[in-house]
1. Answer yes if at least one residue in region 96-112 is free of Cβ contacts under 8 Å to residues at least 12 places away in the same chain and of a type in the set (A, V, I, L, M, F, W, C), and no otherwise.
2. Take THR133 and tell me if it is farther than 25 Å from GLU18 by Cβ and assigned to a loop (DSSP other than H, G, I, E, B).
3. Tell me, which strands (runs of 3 or more DSSP E) lie completely within region 14-116 with 1 or more residues that are among the hydroxyl-bearing types (Ser, Thr, Tyr) and assigned by TED's automatic domain parsing to the domain that holds GLU126?
4. Conditions: (1) surrounded by 11 or more Cβ atoms within 10 Å (Cβ to Cβ); (2) farther than 17 Å from PRO13 by Cβ; (3) under 15 Å from the mean Cα position of the chain (by Cα). GLU86 meets all but one. Number of the miss?
5. Among the listed residues GLY79, GLY99, GLY116, which satisfies the condition of being surrounded by 10 or more Cβ atoms within 10 Å (Cβ to Cβ) and either among the acidic types (Asp, Glu) or closer than 18 Å to VAL14 by Cα (or both)?
6. Among the listed residues LEU12, LEU33, identify the single one that is under 24 Å from SER71 (Cα atoms) and touching a strand residue (DSSP E or B) at 6+ places or on another chain (Cβ under 9 Å).
7. Here are GLU57, GLU86: which of them is modelled with pLDDT of 95 or more and farther than 18 Å from ASP121 by Cα?
Amino acid sequence: MALVSKQIFVNLPVKDLEASKTFFGKIGFEFNLNFTDDKAACMIVGENIFVMLLQEEFFKGFTTKDIANTSATTEVLVGLSADSKEEVQAIVDRAFAAGAKPSIDPVDHGFMYQAGFQDIDGHMWEIIYMDPTVLEEPAE
């Protein structure tokens with residue numbers, strides 16, 4: 001069975017949509033304005049990957065559960081790939097310059113390098129570089 005190309009939309013509640021857009025814009029993300037208004041912003045992460053930043057009140061319309069208190073709990077770890085160790089660090093450095101808080105110290109496994117941050121709403125982000133030769137399937 002062939003895999004069909006899919007899109008992923010990660011929905012995150014935010015306290016201040018404009019502040020979140022500014023924060024992620026400083027890191028280098030762009031927004032699809034066709035799906036952005038005063039309640040939500042569609043952040044473009046990749047060709048088929050989007051993060052919907054939703055004002056908390058608007059987000060509540062999609063769930064009957066309480067919104068996680070990110071200062072006390074972790075509801076999700078958003079992992080994004082990077083093309084090099086240097087790109088990992090550059091993204092994390094831009095996040096800190098934009099107001100992010102630390103989450104994990106950088107970890108270098110040799111074949112994989114990761115570093116992370118908490119965005120201004122406390123959501124956890126991990127930026128990861130993995131040596132592509134490790135991902136190659138062994139020849140039979």
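The values are calculated or read from the model by the stated rules, or taken from the named source; none is laboratory data. Computed from a predicted structure; not experimentally measured. Counting neighbours? That spans all protein chains shown, and the Cβs are built from the backbone with ideal geometry, glycine included.
1. yes
2. No, not satisfied.
3. 77-81
4. Unmet for GLU86, out of (1) surrounded by 11 or more Cβ atoms within 10 Å (Cβ to Cβ); (2) farther than 17 Å from PRO13 by Cβ; (3) under 15 Å from the mean Cα position of the chain (by Cα): (3).
5. It is GLY99.
6. Answer to the selection: LEU12.
7. Matching residue, one of GLU57, GLU86: GLU86.
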